[in-house]
Amino acid sequence: GHRVVLKQNNRYVVLTFILVGTIAGVVLAVVTIYLIKRHSRSRHKLQQLASNPDGNEASKDYQDLCRQRMQGKTSEKPEPLHAASRIGSVSEAQVRSPSSRSSTSSW
C-alpha cells in the first residue's frame, strides 16, 4: 500500500512540473512576441518621421512647444528687470548731490 501512494505522488510532481513548464513557455512566447511587435512598430514610426515629405513634423511641434513656453514665461514675470533698475537709479539720483550728477567724467 505504501508503494502505490509514492507512485501517485511522483506522478503528481511530474504533472506539476510539466504544467508549470508549459505555462512558463507560453508566457515567455507571448512576452517575446509583444516585444518584437513593439520594436517593429517603433522602427516603422521612425522611418515615417525620417521620410516625411512636408518637413519634419516633430521639429515643427517642438518649435511650437518652445514658443508656447516662452510666451508663458514672459506673462509670468510681474515686472521687467530694466524697469526695476531704472527706479533704483532714479532714487539714487535724488540722494546724490547735484555735482555727482554731472555728465562730465571724473577721469
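The values are calculated or read from the model by the stated rules, or taken from the named source; none is laboratory data. Keep in mind it's a predicted model, so treat the numbers as computed, not measured. To get the accessible areas, we keep the full protein, side chains included, count just its heavy atoms, and leave off ligands, DNA and RNA. Shrake-Rupley method; radii C 1.70, N 1.55, O 1.52, S 1.80 Å.
Among the protein heavy atoms, those of residue 18 account for about 100 Å² of accessible surface (1.4 Å probe, every chain in place).
In the assembled protein chains, residue 35 presents an accessible area of approximately 90 Å² (probe radius 1.4 Å).
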